[in-house]
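The values are calculated or read from the model by the stated rules, or taken from the named source; none is laboratory data. Everything numeric here is computed off the predicted structure, so don't read it as measured data. Cβ: placed from backbone, ideal geometry, glycine included. Neighbour counts: every protein chain shown. Ligands, DNA and RNA are excluded from the accessible area calculation, which covers all protein heavy atoms including side chains. Shrake-Rupley method; radii C 1.70, N 1.55, O 1.52, S 1.80 Å.
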Amino acid sequence: MPTCLRRTSVVLYLAFAQIPVAQAADMDGVWMRDDGNARVRIAPCGAKMCATNLWIRDTSKGESPGDQLIMSVKRSSDTEFSGTAYDPKRGMTYSLDVTVGNQALKTRGCVLARLLCKTIRWTEVN
């Protein structure tokens, strides 16, 4: 390879090495619900993702530490996932959309052909 071409290759390599690569957002981690009532850990569980309650302030709605939501989601963009979530405690399956942002997560769960939906915002806990 001629010296001139080799230098050009090195310069191009160094130039492109400095360009930050956009990373796809990930939902793995510990999250606090926006109302401060729950803290969950989202992590892989087999081929799915599980949201496990670590702490619940108000257990009057039937939620307890250790309860899980089993999510079958696929990435639809760098920051979005969609699919279903199964709640084994209640025996219910929900449509689920998840948006991951800068230390934030938004979940939208729906039932009855997406006629009844609830959106919850979460903040990442370090």
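Structure notes:
- The phi-based Karplus calculation (6.51 cos²θ - 1.76 cosθ + 1.60; θ = phi - 60°) puts the 3J(HN,Hα) values of the stretch 47-63 at 8, 10, 10, 10, 9, 10, 5, 8, 7, 10, 6, 10, 8, 5, 8, x, 8 Hz, whole numbers, x for Gly and Pro.
- Surface share of carbon and sulfur [accessible, 1.4 angstrom probe, percent] for the stretch 67-124: 52 percent
- Spin-label pair Ser82/Cys117, simplified geometry with 7 Å Cα→Cβ offset, distance in nm: 1.0 nm
- Solvent-accessible heavy-atom area per residue, rounded to whole Å², over the stretch 37-126 at 1.4 Å: 62 Å²
- Area accessible to solvent at Asp97, 1.4 Å probe radius, in Å²: 50 Å²
- The stretch 88-126 and the stretch 33-86 have their alpha-carbon centroids 8 Å apart.
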